[in-house]
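Asks: Just passing along the structure, written as structure tokens.
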Amino acid sequence: MSELRRRGAGGDHETANLIDKDVDGEDRFAELDLRTDSDIPEVVPPTDRTPEIFKKALSGLSSRWKNWWIRGILTLAMITVFSLVIYMGSFMLMLLVMSIQVKCFHEIITIGYRVYRSYELPWFRTLSWYFLLCVNYFFYGETVADYFATFVQRREQLQFLIRYHRFISFTLYLAGFCLFVLSLVKRHYRLQFYMFAWTHVTLLIIVTQSHLVIQNLFEGMIWFLVPISSVVCNDIAAYIFGFFFGRTPLIKLSPKKTWEGFIGGFFSTVVFGFLAATLLAQYQYFVCPVEYNSETNRFVTECEPSELFQLQKYSIPPLLQVVLGRETVNLCPFQMHSIALSTFASLIGPFGGFFASGFKRAFKIKDFADTIPGHGGIMDRCDCQYLMSTFVHVYITSFIRGPNPSKLLQQLLVLQPEQQLNVYKTLKTHLIEKGILQPSLRG
């Protein structure tokens, strides 16, 4: 670098100036973050919350097998609770998603609070939770406007909130932004901006994804259950195959992950997704869009199943005809879509887990929390789900969703009578021009 300086000084003064700027810029950037990996403090190790009854029953086993049994038993317990929530209906599933969102946000914010020694930061925790409320108010207010239009129409207070929803959301966020600026303290500037960014990235990852989960649920419970259960199946199958057959490391971020587990999880998940789709597609409860009935004040899942869930005849490729001994097969289209969903869950979904592993390694922690013995925190169990929910939402909007008559009707009912009459006249004229309706005879 000094040689370049001399050359620049001797000839091209502009080059020398640029080099000086680069060097100064490097110095400034180096000063922006004085922390190194060795400076990041060790977070307090999570406590062992394993019930005493498990410790006594498994005391004679090695730590490897002890962890196997603890994970297995609690996995079955979580699946049982989840099945019970499904039985209780879509509203309880929405509450479950919201609860998981809040807990995941708490776990990530707590890590930042501890790692960056944010104990003395003014208003940090208060503002973090305030921003969480603001973002949730924005997203779920949009959901209320879309899916509860008839309910809102009957209540004037809600009409005001829905009409000015985005302005109110922006005003609330702006208040939090101003409070953050007012809370800046000279000796904590850098750390406060660290945590401001930490909070917003967490909101981007957690809240937006949970909002998409609920959007998928409104399309039909099957769009919620098949993707989520496929990720769970992949996680379990990969763990089992890796536990018994794993020999070849898959990725450095997760040393325990193996190619054997990854491949075994892939095939198991695709088969599981297809079978789950075959079973769930037979019931209206799972395939019908979730709609709010303003008369009964309940969510209903009753409809005539769309063609997506009705059996159709498909031709089998010639090569498979020899193996299967038949030329056609009867399947519902959703079974084919389930293969795409389960393939994503098994091939791309794990990268959410790898991302989380890299995050934990960066801050020298084993798990996000110690909520579930043998599993870690809630975020440890949901790290792959958020990628999955985004994919499902994009998949539905790109390949599945068409015009929704019931949703359009709800929006029409919110209009003023004069506007509804104009829509009626325009639609009537259009249908007459297409020959669907006959012109009315006037005497």
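The values are calculated or read from the model by the stated rules, or taken from the named source; none is laboratory data. Because the structure is predicted, anything quoted here is derived from the model rather than measured. Don't worry about glycine lacking a Cβ; one is built from the backbone with ideal geometry, like all the others, and counts go over all protein chains shown. Remember, those area values only see protein heavy atoms, side chains included, never the ligands or the DNA or RNA. Shrake-Rupley method; radii C 1.70, N 1.55, O 1.52, S 1.80 Å.
Asks: Does the stretch 405-420 contain at least one residue that is outside any helix (DSSP H, G or I), open to solvent by less than 50 Å² (accessible area, probe 1.4 Å) and either modelled with pLDDT under 85 or out of contact with any Asp or Glu (no Cβ under 6 Å at 6 or more places or on another chain) (or both)? Even if it seems obvious, please write down each step before you answer.
Replies: Just the residues of the stretch 405-420 that are outside any helix (DSSP H, G or I), to begin with: 415-416.
From the residues that got through so far, the ones that are open to solvent by less than 50 Å² (accessible area, probe 1.4 Å) too are none.
No, that holds for no residue.
Asks: Which one of the conditions (1) surrounded by fewer than 16 Cβ atoms within 10 Å (Cβ to Cβ); (2) modelled with pLDDT under 90; (3) within 30 Å of Ser342 (Cβ to Cβ) does Val201 fail to meet, given that it meets all the rest?
Replies: Only one criterion in (1) surrounded by fewer than 16 Cβ atoms within 10 Å (Cβ to Cβ); (2) modelled with pLDDT under 90; (3) within 30 Å of Ser342 (Cβ to Cβ) is unmet by Val201, namely (2).
Asks: Can I ask one more? Can you tell me which of Val271, Val232 is of a type outside the set (Phe, Trp, Tyr), within 19 Å of Thr75 (Cα to Cα) and open to solvent by 20 Å² or more (accessible area, probe 1.4 Å)?
Replies: Val232
Asks: Moving to a separate point now. Can you list the helices (runs of 4 or more DSSP H) found entirely within the stretch 317-402 that contain at least 2 residues being within 28 Å of Gln215 (Cβ to Cβ) and touching a helix residue (DSSP H, G or I) at 6+ places or on another chain (Cβ under 8 Å)?
Replies: So the answer is 333-347, 350-362, 378-382, 385-395.
Asks: Right, something else. Among the residues of the stretch 179-188 satisfying the criterion of being at pLDDT below 90 and in a helix (DSSP H, G or I), which is nearest to Cys134 (Cα to Cα)?
Replies: The selected residue is His188.
Asks: Restricting to the stretch 270-289, name every residue that is over 10 Å from Ser338 (Cα atoms) and β-branched (Val, Ile, Thr).
Replies: Across the stretch 270-289, the qualifying residue is only Val287.
The rows are residues; the columns are (1) open to solvent by 50 Å² or more (accessible area, probe 1.4 Å); (2) farther than 17 Å from Ser229 by Cα; (3) in contact (Cβ under 8 Å) with a residue 12 or more places away in the chain.
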residue: Leu279; (1), (2), (3): yes, no, no
residue: Thr301; (1), (2), (3): no, yes, yes
residue: Gln321; (1), (2), (3): yes, yes, no
residue: Thr343; (1), (2), (3): no, no, yes
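Asks: I'm told Ile86 meets every condition in (1) modelled with pLDDT of 80 or more; (2) of a type outside the set (Lys, Arg); (3) not in a helix (DSSP H, G or I) except one. Can you identify the failing condition by its number?
Replies: Result: Ile86 fails condition (3) only.
Asks: Still on this structure: May I ask you to list pairs of residues, at least six apart or on different chains, whose Cβ atoms are under 7 Å apart, with the first in the stretch 363-383 being among the aromatic types (Phe, Trp, Tyr) and the second being part of a strand (DSSP E or B)?
Replies: Phe368/Gly376
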